[in-house]
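First up is the structure itself, then whatever we jot down about it.
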Amino acid sequence: MITRLLTVAALVVASVAVPEGAHAAPRPFHDNFDNAVDADPTYGLNDNLRQRQGTGAVTYSRVSGKWNTGEVPRPWYAQVNHPNHPGTLSMHLGTTAVRLDAPSTGSSISARLTPVAGDRTSGDWSSIVLSRSANSWGYVSNQDVDLGFLVRANGGVQLFQPGKPVVSMPAFASAHSDGSFDVTLTLSGGTLDLAVNGSRRAIALGTPVPTDRLWVYLGRYSDVSTTVSRVDDLRIERLNSDDLRKRPGSNLRYHGYFGARLNKAGGNHLPEVRGRSNLNWVQISDADAYRPEVLNDCAPEGCVIHTGNEFFDCDAAGCPLYPNAAARWQVLADKVRPYLDRVAGFVLQDEPFHHGASFADVEHSAQQIKKTFGDKKVMLIEAGIEVDDSFTVPADVDWVGFDEYCVGYDQLEARMTKLEERAPGKELFVLPEAAPQSWCAGRTDADLESTQYLYRALVEQHPRFVGIMVFGPWTGVGPAATGPGTPVPSKFPRATDAQERVAAFVLGDARLSG
């Protein structure tokens with residue numbers, strides 16, 4: 001499997017694959033591993049890629065790193081920006097490896113490798129493996145490895161080509177005081193130019209290594225569970241990330257979360273999705289108080305604020321406007337004003353027509369928001385079942401989204417087509433589920449993972465859709481929920497990994513610089 005992003009999306013809709021050569025020529029790649037959110041369940045591996053890399057499209061996949069098994073270690077074996085190892089890719093608890101999800105197409109790769117943090121005597125090692133196979137386990141001497149390099153904490157270096165040692169130099173270089181080595185591998189025909197902490201040697205290879213398409217694996221080997229290895233400042237001369245980028249002409253530019261802050265009890269989740277979102281739905285009007293300080297955690301123009309509590313008095317009998325809706329709205333508006341730089345817009349009552357609100361009342365609330373903040377977007381999110389031949393959008397609404405959870409490709413595609421027809425001139429959003437819903441129990445983490453790629457593939461085919469806003473997973477749905485804001489269950493590692501990969505795809509389409 002080359003990457004979950006490509007494979008699952010291709011299974012959903014083969015036609016979304018990016019044509020070969022559709023983007024600019026490959027350019028230099030750099031990852032500084034800074035500022036990722038290292039949190040369970042994905043531990044920052046693919047978080048904040050746009051800032052780390054200057055692009056956000058080049059993801060990583062965990063692989064075994066071993067010679068005798070392809071079983072992938074648990075996610076916490078490889079982390080980015082761990083509190084004790086900030087600004088690095090750190091590897092914990094034994095042997096493991098990761099693979100970049102785009103191949104090197106150049107001749108030079110460099111990185112700062114620390115085989116054992118704080119140790120300069122151990123025989124444990126860090127590795128860079130180059131292989132024409134995207135399915136390698138990433139171990140230096142396996143048969144599918146074109147070139148395997150390792151450096152030990154004690155300064156020893158070894159090179160391997162398919163299954164065989166090429167050279168062994170027990171004391172090639174001295175480590176920096178923190179145990180690190182600055183390593184550069186440069187291939188030229190049948191020669192490797194190797195540089196490690198100032199020591200340099202040209203090495204004749206037994207078999208020339210073709211550099212037109214090599215997958216890069218970073219790993220560590222250790223039987224000691226208490227030590228940590230680190231990688232920093234990864235640079236690759238040329239990297240072809242075309243397959244991880246949006247199609248030319250795509251308008252997809254927003255990824256975020258519905259309910260990133262719902263109420264005090266549910267908690268503020270904006271910090272944990274910082275690196276995989278640029279537009280999040282938040283609510284700051286709790287039953288007991290307004291809490292606008294939450295907006296400090298929004299990126300600039302990174303949040304849309306729910307206004308349903310101000311305008312509509314919804315219950316099982318209907319959803320009329322409050323008699324004093326205008327005054328209630330002004331209270332919220334006044335609370336928001338000091339934080340306007342963090343606000344992209346305002347969201348109307350959630351699913352207003354589905355809850356019984358009249359078109360006139362929805363239109364009135366949109367008008368009041370636009371009258372107060374004319375340069376901010378007004379967003380309407382409606383239940384998919386309401387998007388039919390009678391669906392109408394108020395003129396003052398800029399963004400329109402729909403939710404229709406736990407349904408398949410055909411139903412979603414038909415609903416998206418209908419929304420395009422019924423909301424001319426508006427920018428459109430979809431809301432995939434991130435947790436099992438009570439009305440479609442039994443969906444697994446793998447199902448939710450596929451859902452993220454399904455929506456991404458669909459949006460690529462509908463250029464009017466500009467954003468994906470994931471529902472939850474803190475929205476308190478399902479039989480195990482104890483209240484709004486409670487995830488059910490608490491962790492979905494595969495779905496969360498998929499969300500990070502989709503976010504990288506949406507947010508990081510800038511070309512590799514250089």
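The values are calculated or read from the model by the stated rules, or taken from the named source; none is laboratory data. On a predicted model such as this, the values are computed, not experimentally measured, just so you know. Methodologically, a virtual Cβ is constructed for each residue, glycine included, from the backbone with ideal geometry; neighbour enumeration extends over all protein chains shown.
Table for the structure above
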item: Candidate set from segment 391-401 (those that are over 16 Å from Ala357 (Cα atoms) and not hydrophobic (A, V, I, L, M, F, W, C)); member that is surrounded by the most Cβ atoms within 10 Å (Cβ to Cβ); result: Gly401
item: Which listed residue is on the phi > 0 side of the Ramachandran plot and touching a Leu at 6+ places or on another chain (Cβ under 9 Å), from Gly156, Gly189, Gly179, Gly163; result: Gly189
item: Any hit, segment 415-423, residues being free of Cβ contacts under 8 Å to residues at least 24 places away in the same chain and either in contact with a Pro (Cβ under 9 Å, 6 or more places away or on another chain) or charged (D, E, K, R) (or both); result: yes
item: Selection count where residues are buried (at least 17 other Cβ atoms within 10 Å of the Cβ) and either more than 18 Å from His462 (Cβ to Cβ) or of a type outside the set (A, V, I, L, M) (or both), scope segment 380-390; result: 2
item: Those residues of segment 414-463 which are over 20 Å from the mean Cα position of the chain (by Cα) and among the acidic types (Asp, Glu), in sequence order; result: Glu420, Glu421, Glu427
item: Segments classed as strands (runs of 3 or more DSSP E), wholly inside segment 198-244, with at least 1 members that are within 16 Å of Val140 (Cα to Cα) and among the basic types (Lys, Arg); result: 215-221
item: Among residues of segment 274-284, those that are at pLDDT 95 or above and among the small types (Gly, Ala, Ser), counted; result: 1
item: Leading residue by the ranking (farthest from Ser358 (Cα to Cα)) among those in segment 314-335 that are out of contact with any helix residue (DSSP H, G or I) (no Cβ under 6 Å at 6 or more places or on another chain) and either among the aliphatic types (A, V, I, L, M) or crowded, with 18+ Cβ neighbours inside 10 Å (or both); result: Val331
item: Number of the condition not met by Gly87 [criteria: (1) buried (at least 21 other Cβ atoms within 10 Å of the Cβ); (2) among the small types (Gly, Ala, Ser); (3) modelled with pLDDT of 95 or more]; result: (1)
item: Subset of segment 77-112 (residues that are under 21 Å from the mean Cα position of the chain (by Cα), outside any strand (DSSP E or B) and farther than 16 Å from Asp40 by Cα); result: Asp101, Ala102, Pro103
